[in-house]
Amino acid sequence: MRWASRLTLIAAAATLALCGWTLHSGAIRPAQPRATIEPTLPLTIDLGLEQVAVASPGGHALLRGSMTTDRPIRDLVVRLVLPEGIEAEAGGTLEVDGASLQPGERRAALVGLRAARRAALPIRVDATFRLADGRTLRASQGLTLDLGAGPPPGRSHAGAYEVMAVPLEDLRR
């Protein structure tokens, strides 16, 4: 009986020592954070709207677009994607078909847009291109032409009434 209690005492002490050592060794050596690689596309597409004017029944605006690259690309194809109810005016175009760009080279264009109705209209530019190593990549950039449509009405979702956020300056008291 004495031997059994002594063995139990020794086993309990060894278990506590092992647990304490494991917890202590973890506190001394914090885990090393993993390095993350966040790739960036070599083609940058910048879009902006200028001279936005609301008219009856819709409106018009100028779409300013530019593309720059940080490495050589070839077979560049750029398409302007417009929703129903908006069309590009004759003149400037963002669309490119099969061009090449060298590092630091910039292409820019202004496109007149005319909308048939007042609404928030999404505008998108899609580009596909090939790198020097043969990989084909795709990039897109978009923005919204807001012609006084106002925020959409709220909705009931999962028992809560949701509405679009409004800046404090726009609230009427």
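Values for this structure:
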| item | result |
| --- | --- |
| Which numbered condition R64 misses (of (1) charged (D, E, K, R); (2) over 25 Å from the mean Cα position of the chain (by Cα); (3) surrounded by 15 or more Cβ atoms within 10 Å (Cβ to Cβ)) | (2) |
| Test: residue in region 85-102 that is surrounded by fewer than 13 Cβ atoms within 10 Å (Cβ to Cβ) and modelled with pLDDT of 90 or more | yes |
| Qualifying residues in region 129-157 (those that are among the aliphatic types (A, V, I, L, M) and in a loop (DSSP other than H, G, I, E, B)) - the one modelled with the highest pLDDT | A132 |
| Hey, A115 within 11 Å of L43 (Cβ to Cβ) and not charged (D, E, K, R) or not | no |
| Residues being in a strand (DSSP E or B), of a type outside the set (A, V, I, L, M, F, W, C) and touching a Pro at 6+ places or on another chain (Cβ under 7 Å) - total across region 56-99 | 1 |
| Hey, V96 in contact with a Ser or Thr (Cβ under 9 Å, 6 or more places away or on another chain) and closer than 19 Å to T44 by Cβ or not | no |
| Candidates R135, R118, filtered to the one that is of a type in the set (K, R) and surrounded by 13 or more Cβ atoms within 10 Å (Cβ to Cβ) | R118 |
| Residue list for region 100-113, filter: of a type in the set (G, A, S) and part of a loop (DSSP other than H, G, I, E, B) | G104 |
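The values are calculated or read from the model by the stated rules, or taken from the named source; none is laboratory data. Not measured: the values here are computed from a predicted model. Positions of Cβ are generated from backbone atoms using ideal geometry, with glycine treated the same way; all protein chains shown enter the neighbour counts.
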